[in-house]
Structures are given as structure tokens and as C-alpha cells.
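Colleague: Please find one structure pasted underneath; my questions will follow.
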């Protein structure tokens, strides 16, 4: 077995670029010798240190931390490093567990949405919901997508996952009265109040009774769906409390086929005889 190896051999053996090896030498983490032709020669001791460097880099330690450890490699410093490694692994496991939980929730939500019957009016009692929003006159799906992205960027630190975020939009009732469907006055997110810190919010969807109506397919039909909703309410001796809004259960985050979209219209209601 050889005692010394050239930089090209070490680079190939460890799949580490020669620039990185030169950098490790520059900061004093490695100390290759030079032959008569001034070529770097790495000893078995350098290879041992390089194994440590590679492993610790894989655990997200910085080269500054690694250099400090190599300069003072004692049993106490090894214990300290192992405890730091353990903390790094625990943090990675925590992030992976959160990601798994988010994926499982999204799968569960989509499976439920796929089984949800459309075309039925359902009376619901819902809790107060905190929402953040952007106000804009929206007439095209592309405008809606752009505003959703802007809203997500604004509140990204408070959102658990964009993939599981409840997204909604408030209809422009002035446009609907004029016969213009699929026009909105704002886009909003329903915030997750289960987080440890209460999120900021722009408005509240109040606790109370709502009528829910699901429809599948293109958003162009929502004008007619609203007509059905407002014909239904007086038949049940109900009147609207606030404007209707949409919630997107299956949309272009999930499928490129508009026929697979599932949208929920909600509107707050009170009995007509309540005054």
C-alpha cells in the first residue's frame, strides 16, 4: 500500500474537486507535502483527516468548525462533536417528520376532495377563521395565480406549507350583477391557527352558519352556481350574511385538467325571521 498519493488520486477516490482540496490546505485543515517537482503528496494521515472532513460536511458542519475540531482532537472535543452531530440529526429528523405530515395531510385532503359530492347545498356551523388577503380586481386566472404567489411570498414565514394552504377568493358582486362571471375583488388564505404563535391576519370569517356548495369543472360556471345559491336561500327561509366566496379544493396546484377542479362556494346565512 502506498504511503503518499497525488491530488488527482485523492480527488478521484473521494469524489472531491481539486479546488476543494486546495482550499482545505489553504485554511490549514490538511498539510500535504511536496515532491521534487512541487506536486502535492497526501499521506495516510491526510486521508484520515479528509474522511473526517467529508463526514462532518455531510452533517452540515462548517469548515471553520471542522478545522477547530481537527486542531484540538481530544476525547472531550469528540464527545462535544458527537453531541452536536446528534442535535443535527435530530433537527433533520424533525424536518423530515414535518414534511411527511404535510404530505400525508395533502394526500388525505385530495382523497377527500375527490370523493366529495358536487351540486348539493349543505348547511354548516363553522368556527371563526383568520385570513390574510390581497385586494385586486381579478378578471383572469393568470391574475389570480400571480396574486396567490404574491400573497404567499408576503406571508411565507407564517405558512406551514403552500401545498396544504386553504386558498380562497371573494367574488366581485358588482360584476356578477352585471352578468360577468369569474370576476373577483380579492384573494385570501385561511391561516392555520394551530401554530404555536397566532398569525397576523387582515380579516376574519366570522363564526356561524354557512351554506356550502361544491361544483366541479371550470370557474366560468360560477356565475350560474351563484344564481342557484341565491334561489336556494329564500326557499329555505334564509338570507345571506355577507358576500359569497370560493375555496379551492382541487385546482391547478393539483391538476392541469380543469374538468378535475373542485371548488366550494360558501356564504354566511341567518334565518329570515331573525330580524
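The values are calculated or read from the model by the stated rules, or taken from the named source; none is laboratory data. What you see is a predicted model; the values in this text were computed from it and never measured. Neighbour counts run over all protein chains shown; Cβ positions are idealised from the backbone, glycine included.
Colleague: Just to be sure I understand, how many residues within the range 108-145 are farther than 17 Å from residue 210 by Cα and touching a strand residue (DSSP E or B) at 6+ places or on another chain (Cβ under 9 Å)?
Modeller: 17
Colleague: Only residues that are exposed (fewer than 15 other Cβ atoms within 10 Å of the Cβ) and touching a helix residue (DSSP H, G or I) at 6+ places or on another chain (Cβ under 7 Å): list them for the range 60-74, please.
Modeller: Hit for the range 60-74 is 60, nothing else.
Colleague: Does the range 210-230 contain at least one residue that is exposed (fewer than 13 other Cβ atoms within 10 Å of the Cβ) and more than 23 Å from residue 261 (Cα to Cα)?
Modeller: For the range 210-230, residues exposed (fewer than 13 other Cβ atoms within 10 Å of the Cβ) and more than 23 Å from residue 261 (Cα to Cα): absent.
Colleague: Return the pairs, sorted by first residue and then second, in which the second residue is part of a strand (DSSP E or B) and surrounded by fewer than 19 Cβ atoms within 10 Å (Cβ to Cβ), the first residue lies in the range 157-175 and is modelled with pLDDT of 75 or more, the beta carbons are less than 6 Å apart, and the residues are 6+ apart or on different chains.
Modeller: Cβ pairs passing all conditions: 166/190; 168/247; 170/185; 172/185.
Colleague: Would you pick out the residues in the range 1-16 that are in a loop (DSSP other than H, G, I, E, B) and modelled with pLDDT of 85 or more?
Modeller: Hit for the range 1-16 is 16, nothing else.
Colleague: Hey, another quick one. Collect the residues in the range 24-47 that are surrounded by fewer than 12 Cβ atoms within 10 Å (Cβ to Cβ), assigned to a helix (DSSP H, G or I) and either at pLDDT 85 or above or touching a helix residue (DSSP H, G or I) at 6+ places or on another chain (Cβ under 6 Å) (or both), keeping them in residue-number order.
Modeller: 26
Colleague: Tell me the residue from 246, 260, 209 that is in the same structural domain as residue 164 (by TED's automatic domain parsing) and either farther than 27 Å from residue 159 by Cβ or touching a helix residue (DSSP H, G or I) at 6+ places or on another chain (Cβ under 6 Å) (or both), please.
Modeller: The unique qualifying residue is 209.
Colleague: Only residues that are in a loop (DSSP other than H, G, I, E, B) and either surrounded by 13 or more Cβ atoms within 10 Å (Cβ to Cβ) or free of Cβ contacts under 8 Å to residues at least 24 places away in the same chain (or both): list them for the range 237-261, please.
Modeller: Matches in the range 237-261: 241, 242, 243, 244, 251, 252, 253, 254, 255, 256, 257, 261.
Colleague: Let me ask something else about it. Mind telling me which of the residues 264, 209 ends up being in a strand (DSSP E or B) and within 18 Å of residue 109 (Cα to Cα)?
Modeller: Just a single option satisfies the conditions, and that option is 264.
Colleague: When the range 10-35 is examined, which residues are found to be more than 20 Å from residue 70 (Cβ to Cβ) and touching a strand residue (DSSP E or B) at 6+ places or on another chain (Cβ under 8 Å)?
Modeller: The answer is 34, 35.
Colleague: Please verify whether the range 46-57 includes one or more residues that are over 20 Å from residue 85 (Cβ atoms) and either touching a residue at least 40 places away in the same chain (Cβ under 8 Å) or in contact with a strand residue (DSSP E or B) (Cβ under 6 Å, 6 or more places away or on another chain) (or both).
Modeller: Yes - at least one qualifying residue is present in the range 46-57.
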